[in-house]
Amino acid sequence: MIDINFYKNLYEKIYLIKRVENAIVDNYMDNAMKTPMHMSRGSESIAAGVCSACGDRGQFFGTYRSHAIYLSSGGDINKFFSEMYGKENGRFGGRAGSMHISSPESGHIASSAIVASNIPVAVGASFANKIKNNKKIVVVFFGDGAIDEGNFWESLNMACLWKLPVIFICEDNRLAVHTYKNKRQGYNNIINIIKEFNIKTYSGLGTDAEIVYNITEEAISHIDTFNQPCFIKLEYFRYLEHVGIFSDTNQNYRKEDTWKEPYDYFEKLRIKLINNNIDIEDIERNINNIVLNAIDHAKKSSFSDPKELYRNVFYVEN
């Protein structure tokens, strides 16, 4: 017998991400959201599955593409949109925008716009957790392009040496911006290389939230049992361009891609819930209202006083 509440929770997370990002697309060209957008469309199941599996134990570190992490970890929707609009009641008063959005109170500790820069910070956090013995699990998300950075390998090495409670999650969409991995990586299989470290490795389909959930749950169990970090590679299809709200077909850099029709777990999940007498329309209606109210709230909110630009900015006089 299936636990329908489990599937309902996954559906709500994925639908919320989709609805929020659709709302961004619908409103972005008004030029009122003063932030570049790196959209999560295509990777919704990764964040939903990972955050659901980690629960309150999770501490999440994202990249500039972290809407899905923020929303799946329970970040406040009103503060999210107010941040997108640069308003004073945004999560960081309009300073962070999309690329640095986070919600430490709900477990999304930080996001960074510099490729791979979040990885050593996450490893440091997991080192602190190990010393505190607080049973927290650090999860750091990054694209496969981050593997090309030296501090990924340095961080991986230290996590293995110190046996840290950290999960490295590589969101693999085959591209580093527009460049395919066969043009930038002199090896064929990253899992085979990482297996040489003292780390447990997993791989799976990142478009299926149930698969992601099960792999993450297994990784957490491995950390608890064997005191060893984990690496998970999840393949997915990024529907939109690297930065912006338009389809990547506008630039036609997907022409080499082997994905014919991206696997859509979301629709299968929807059918499963309908067949189990879950009122999908009520779920969607409630989420739609939450998102629309949040956008309206953000538009009506005030900008910060210009003096706020100097808060927490430090300088040294010559």
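Throughout, read-outs are computed from the coordinates displayed, never taken from laboratory work. What you see is a predicted model, and the numbers here were worked out from it, not measured in a lab. When we count neighbours, we look across all protein chains shown, and the Cβ atoms used for this are built from the backbone with ideal geometry, even at glycine.
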For each of 33, 39, 158, 84, count neighbouring Cβ atoms within 10 Å of the residue's Cβ, then give the residues from fewest to most. 158, 33, 39, 84
What ranking of 56, 264 emerges when the number of other C-beta atoms within 10 Å of each C-beta is taken as an exposure proxy, fewest first? 56, 264
Which order do 67, 222 fall in if you start with the one that has the fewest other Cβ atoms within 10 Å? 222, 67
Hits among aspartates and glutamates - C-alpha to C-alpha of residue 87 under 14 Å, sequence gap 8 or more where chains match: 296, 305, 308
So what is the relative contact order for the chain, in percent, with contacts set as C-alpha pairs under 8 Å and at least six apart? 22
Using helices alone, what [θ] at 222 nm do you get for the chain, with -39,500 (n - 2.57) per DSSP H run of 4 or more residues, divided over all residues and rounded to the nearest 500? -13500 deg cm²/dmol
Structure shown: which of 34/136; 79/136; 183/233; 135/200 lie over 27 Å apart, alpha-carbon to alpha-carbon? 34/136
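Suppose a student asked you for the relative contact order of region 94-215, using Cα pairs under 8 Å spaced at least 6 residues apart; what percent would you report?
RCO, region 94-215: 19 percent.
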